[in-house]
Every structure is written in C-alpha cells, then in structure tokens.
Amino acid sequence: PHPSLKYNLALIGGRGCGKSSVGKRLARTNRNFMLFSLDALIRYESEAASIPEIVESRGWTGFRELEFQVVEKVSAFPSGALIDCGGGVVVDLDQEGNEVFSERKVEALKRHSLIVYLQRDPEYLLSRIQDDTNRPSLSETESFLEIMDRRSPWYEEAADLILDCNDQDKSVLAEEILAWFYERNGI
C-alpha cells in the first residue's frame, strides 16, 4: 500500500552526504512521493546551464537568489513533495558576501515540509566531493572543512530530525527516515 502523505519531506546536508541517493530510495517506497532535486530545478530555471556555469555568470549571490525562488516554488506543494536540497539551502549571503543562515529558505521549506538533516563527518564529505567538477568551489579563501564547520549548526537548526549517517547503509537510512516520516504523518 502507498499511504497518502500530509507533508513534504526535505533532505538537507553537506555536499556528498547522500541526499540524492537516499531520496531516490525513498521515492521508490511510496508512489505518492514526487521527487524534486533543487539542483535540477535550478538548472531548469537557468535554461539547462550547469551549476558551475550559473555561479560563474551570476555569482554566489545570484545563485542563492535563484535557489530561493526555486525553494519557494517547490515548497508550494502542500504534501507529497520529496525535496533533495542542495548543500547550501541553509545559506544566504550578507552584503559583504559572507555566508549567513537563510531564514527565508528554511521558513519556505517548513511551510509544508518535515526536514531531515543527513549528518556525516566532514572528512567523509570531502573525500566524496573533492574531485567532482560538477560542483563549483564554495570559497577562494576558506576550506571545505571550515565551511562545513560554520554550516553544521544551521543544518541542525533547520532540521526536524538529525540523522547520524556515518557507517550507515543508504537503504537503512531510507527505512529509518520513512518510519519517522510515516509516524509524523499519522501512518
């Protein structure tokens, strides 16, 4: 049986934490889920430009604004959306270009979504993404580990569930998330 859903489900976490692969596993469990990748939707809104191309042409500020617009659209679904969020969904930039917590994107997600933070060791994340040319550099002056150290409390603040994913199989993670999500849906 595929029970109906009262909420959306949003997956957040750092680059390489498994949001996309866990999201695909979750989408296969219930035909009432509609899987949305924020990165794919951002590319769609940018006439199929790659994420690095978008950042190069618009800068990080322009990218974060486009990301907000996409979050607003996908968050309009009242239920059943399964949202694979980019690693920076909890981030906006201040006037000096420094990362700050994105209240507007998190509030948009929380309107109809329960948010799960897929927490992994930053060293693990770095090992997964360091040679990936599809991901633009996050900073010219800070290391990935420094950025993750700053963002970690923001993921925690946004999350309804913090899931320690270290040494966990992605299928097991999907089962844990689904059990929690169904319980929150009254199923």
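The values are calculated or read from the model by the stated rules, or taken from the named source; none is laboratory data. The structure displayed is predicted, hence computed values, not measured ones. All Cβ positions, glycine included, derive from the backbone under ideal geometry; neighbour counts span all protein chains shown. Surface accessibility is based on the protein's heavy atoms, side chains included, excluding ligands, DNA and RNA. Shrake-Rupley method; radii C 1.70, N 1.55, O 1.52, S 1.80 Å.
Which value in nm describes the separation of the simple spin-label points at Q95 and F68, placed 7 Å from the Cα toward the beta carbon?
1.5
How long are the semi-axes of the equivalent ellipsoid of segment 23-81, defined as square roots of 5 times the Cα gyration tensor eigenvalues? Whole Å, largest first.
Semi-axes (√(5λ), whole Å): 25, 13, 8.
On full extension of the chain, what length is gained from E157 through I187, given 0.36 nm per residue of separation minus the C-alpha to C-alpha distance?
8.2 nm is the gain from fully extending E157 to I187.
Taking amide H positions as placed in the peptide plane 1.01 Å from N, state which residues far from M34 in sequence (5 or more) or on other chains have amide H under 5 Å from it.
The list, which skips near neighbours in sequence, is A81, L82.
Any of K73/K170; K24/K110; K6/K110; K24/K170; K110/K170 with alpha carbons more than 18 Å apart? Name them for me.
Result: K73/K170; K24/K110; K110/K170 exceed 18 Å.
Under a crude label model (7 Å from the Cα following the beta-carbon direction), how far is K24 from A76 in nanometres?
Using points 7 Å along Cα→Cβ, the separation is 2.9 nm.
Which GluC sites (Glu not before Pro) in segment 77-114 sit in a loop by DSSP (not H, G, I, E or B) and have at most 15 other Cβ atoms within 10 Å of their own Cβ?
Of the GluC sites (Glu not before Pro), the ones in loops of segment 77-114 whose Cβ has at most 15 other Cβ atoms within 10 Å are E96.
Amide H of D160: which non-local residues (sequence gap of 5 or more, or other chain) have their own amide H closer than 5 Å, using H built in the peptide plane?
I115, V116, Y117
How much of the accessible area of the chain, probe 1.4 Å, is carbon plus sulfur, in whole percent?
Within the chain, the accessible surface is 46 percent carbon and sulfur.
From the helices alone, meaning DSSP H stretches of at least four residues, give me the mean residue ellipticity at 222 nm for the chain, per-run term -39500 (n - 2.57), in deg cm²/dmol to the nearest 500.
-14500 deg cm²/dmol
Quick one: check the C-alpha center-to-center distance for segment 141-187 versus segment 32-69, whole angstrom.
22
Report the normalised scattering of the chain as log10 I(q)/I(0) at q = 0.10, 0.18 Å⁻¹, calculated by the Debye formula with identical scatterers on the alpha carbons.
The Debye formula, applied to the Cα set alone, gives -0.37, -1.26.
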